[in-house]
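Asks: This is the structure I have questions about; it appears just below.
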Amino acid sequence: MARKKNQITDAGKLLDPIADKIMVLSALFLLYEKIPLWVSIVIAFREILLTAIRLRIKDNIVVPANFLGKSKTVSQIAAVMFALLDLPFASALVYVALAITIISGTDYMIRIRKLTKNEVINIPNGITLLRLVLIIPLIYFLHKGSLTTALILFALIAASDKLDGVSARMTNQITEFGSGFDSFTDWTFIFAIFLYLVIAGQMDYLWAILIVIPGIANGIVKMAYAKRQKKVPVTTTAKLAVGFTYLTIFSILINFEYKEMLLAAMLFGLYLSMSVYLIKYSSAA
């Protein structure tokens, strides 16, 4: 219809694959009794990561869809259909879809590196990517009740949050993408942890809602600001708020006596950070 009506737009090019991803990922997680949860997590991680990269790369850089990308979508949809209908070879098709998903993701990263040189694929972003990957085993070990292992992973995540910035300055690889990717990873970690705590019954859902609001607002304002000013805004208030959020999460994991006081202070910092971003964006308008 887009071609016939001559209505091919940038928004349409973005919305079409996002709609595919939402449909497939929703089905994968709802079929957890038929499709291994770890498979769904790996596929979801690949889709979210590459979508985030696609949103952050420069407008003049286009990574066209290729045979691997199209095969990935077809194999995922086929795997979901076979699982839904309990057809023969459903399990085998799920692992075929997983393999194609990983291969196509690797191919996409290689092509991104060639087009952007060191802007996307570099040491600081590799450290940030490691932090993003570690979220999965952290949630897993929390779910299994292995608190010691979970705390070790949390320490690695917290350390890498500082290490990526240090390495970016040392290697002179501070980029707009890296700044956005770092912020995306921070909020993915925060959302994932608090979502788990709500699901596990360790936190009231109202706290999670209050935490999500400034996170979404900050993301929208930062993207709008970056589009207008051609750079991602970074404020001291935001850095302090995220750092205090890490501290609060640690206090919750070890069941610190005054964790609710820290949680309230964390919320104050997040909403203050949101206000600063809104003021900054309004001033630049």
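Asks: Could you work out the relative contact order of the chain? I mean the mean sequence separation of Cα pairs under 8 Å and 6+ apart, divided by the number of residues, in percent. Mind dumping the intermediate values first?
Replies: Working: 216 pairs, mean separation 37.1, N = 285.
It rounds to 13 percent for the chain.
Asks: Another question about this same structure. Percent of accessible area on the chain owned by carbon and sulfur, 1.4 Å probe?
Replies: For the chain, the apolar C and S fraction of the accessible surface comes to 69 percent.
Asks: So, one more: How large is ³J(HN,Hα) for each residue in the range 212-225, as worked out from phi by the Karplus curve 6.51 cos²θ - 1.76 cosθ + 1.60 (θ = phi - 60°), to whole Hz, x for Gly and Pro?
Replies: 5, 4, x, x, 5, 4, 4, x, 5, 5, 5, 5, 5, 5
Asks: Rg to Rh ratio, the range 143-253, alpha-carbon atoms and Kirkwood radius? Kindly include the intermediate steps, with their values, before the conclusion.
Replies: Numbers: Rg = 15.3 Å, Rh = 15.4 Å.
Ratio value, two decimals: 1.00.
Asks: Please give the per residue accessible area of the chain, computed with a probe of 1.4 Å over protein heavy atoms only, in Å².
Replies: Each residue of the chain exposes 57 Å² on average to a 1.4 Å probe.
Asks: So, one more: For Glu33 and Leu272 in one chain, what is 0.36 nm times their gap in residues minus the Cα-Cα distance, to one decimal in nm?
Replies: Extra length available between Glu33 and Leu272 comes to 81.8 nm.
Asks: Rounded to a whole number, what is D in µm²/s for the chain from Stokes-Einstein with the Kirkwood radius over alpha-carbon pairs (10 °C, 1.306 mPa s)?
Replies: 77 µm²/s
Asks: Moving on. For Lys70 and Thr237, compute 0.36 nm times the residue count separating them, minus their Cα-Cα distance, and round to one decimal in nm. Intermediate results must be reported in sequence, preceding the final value.
Replies: On the way: separation 167, 0.36 × 167 = 60.12 nm, distance 4.26 nm.
Once the chain is fully extended between Lys70 and Thr237, it gains 55.9 nm.
Asks: On to the next question. Which links in Lys34/Lys72; Lys259/Lys280; Lys70/Lys222 stretch past 24 Å when you go from one Cα to the other?
Replies: On the way: Lys34/Lys72 20 Å; Lys259/Lys280 31 Å; Lys70/Lys222 31 Å.
In this structure, Lys259/Lys280; Lys70/Lys222 lie more than 24 Å apart at Cα.
Asks: May I ask you to work out the translational diffusion coefficient for the range 102-159 at 37 °C, viscosity 0.692 mPa s, via Stokes-Einstein with Rh from the Kirkwood sum over Cα pairs, reported in whole µm²/s?
Replies: Using the Kirkwood radius from Cα pairs, D works out to 253 µm²/s.
Asks: Given DSSP loops and a limit of at most 12 other Cβ atoms within 10 Å, what is the longest stretch of the chain that contains no such chymotrypsin sites (Phe, Trp or Tyr not before Pro)?
Replies: Working: sites that count: Tyr32, Phe89, Tyr258.
With a cap of 12 other Cβ atoms within 10 Å, the longest stretch comes to 90-257.
Asks: Also, I was wondering about something else. Roughly how many debye, to the nearest 20, is the charge dipole of the chain about its Cα centre, given +1 on each Lys and Arg Cβ, -1 on each Asp and Glu Cβ, and no other charges?
Replies: The calculated dipole for the chain is roughly 1180 debye.
Asks: If amide H atoms are built 1.01 Å from N in the plane of the peptide, which residues on other chains or at least 5 residues away come under 5 Å of the amide H of Asn122?
Replies: Counting only residues 5 or more places away or on other chains, the set is empty.
The values are calculated or read from the model by the stated rules, or taken from the named source; none is laboratory data. Since we're looking at a predicted model, the values are computed, not measured. Every residue, glycine among them, receives a Cβ derived from its backbone with ideal geometry; neighbour counts consider all protein chains shown. For the accessible areas, the whole protein counts, side chains as well, though only heavy atoms, and no ligand, DNA or RNA atoms are used. Shrake-Rupley method; radii C 1.70, N 1.55, O 1.52, S 1.80 Å.
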